[in-house]
Amino acid sequence: MTSPCPVVHFEMPYRDAERAKRFYAEAFGWQMQQFGPEMGDYILATTATVDSNAPGAVRGSINGGLFPFKADWPMQQPSVVMGVDDIRAAMARVTAGGGEVMGEPMAIPGVGDYVSFVDTEGNRLSMLQPAMGAAPGQG
């Protein structure tokens, strides 16, 4: 039995970047950081100071991001990302358990290797093997 893999990040699609950034900043106080085309126009959502001693920090909280909605891509829905020590071994466990891995891992510079999968209930989820030196559970 492997040790539990924590949820380390969440993701959601957006159709209008400015509208989405404004909504989450105003409704929930999230800090929204827009990246350019070299990073897929991803928007990083900082929801809380994670596991620090800062005033107001919430232990165990996670941050997330928003990606551009693309009508021709499958499974455009919110999802959670699990942190794994070995992405290839985790992919094998997903397949052995009846899930379906969606493609090959993608290297995200400075973050780690990422791949999406579909569980046995039809939910799209993802997993991330942090890059060497990247802080686990910080995303």
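The values are calculated or read from the model by the stated rules, or taken from the named source; none is laboratory data. Since this is a predicted model, take the numbers as computed values, not measurements. As a convention, Cβ positions derive from the backbone with ideal geometry for all residues, glycine included, and neighbour counts pool all protein chains shown.
With respect to ALA71, is the statement that it is part of a loop (DSSP other than H, G, I, E, B), at pLDDT 85 or above and not acidic (Asp, Glu) true?
yes
Name the residue that is surrounded by the most Cβ atoms within 10 Å (Cβ to Cβ), counting only residues in segment 80-122 that are polar (S, T, N, Q) and not in a loop (DSSP other than H, G, I, E, B).
Selected residue: SER116.
Residue-by-condition table, conditions (1) out of contact with any Cys (no Cβ under 8 Å at 6 or more places or on another chain); (2) over 21 Å from ILE43 (Cβ atoms):
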residue: GLY83; (1), (2): no, no
residue: ILE87; (1), (2): yes, yes
residue: GLY99; (1), (2): yes, yes
residue: MET102; (1), (2): yes, yes
residue: VAL111; (1), (2): yes, no
residue: TYR114; (1), (2): yes, no
residue: GLU121; (1), (2): yes, yes
residue: SER126; (1), (2): yes, no
residue: ALA131; (1), (2): yes, no
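Can you tell me which residue within segment 62-79, out of those that are in contact with an Asp or Glu (Cβ under 9 Å, 6 or more places away or on another chain) and within 24 Å of SER3 (Cα to Cα), is surrounded by the fewest Cβ atoms within 10 Å (Cβ to Cβ)?
Ranking the qualifying residues of segment 62-79, first place goes to SER79.
Of all strands (runs of 3 or more DSSP E) completely enclosed by segment 3-49, which ones contain at least 1 residues that are free of Cβ contacts under 8 Å to residues at least 40 places away in the same chain and either among the β-branched types (Val, Ile, Thr) or out of contact with any Ser or Thr (no Cβ under 8 Å at 6 or more places or on another chain) (or both)?
Per the criteria, 31-34, 43-46.
Please work out which residue is farthest from the chain's Cα centre (by Cα), limiting yourself to segment 108-133 and to residues that are at pLDDT 90 or above, small (Gly, Ala, Ser) and closer than 20 Å to PRO13 by Cα.
SER116
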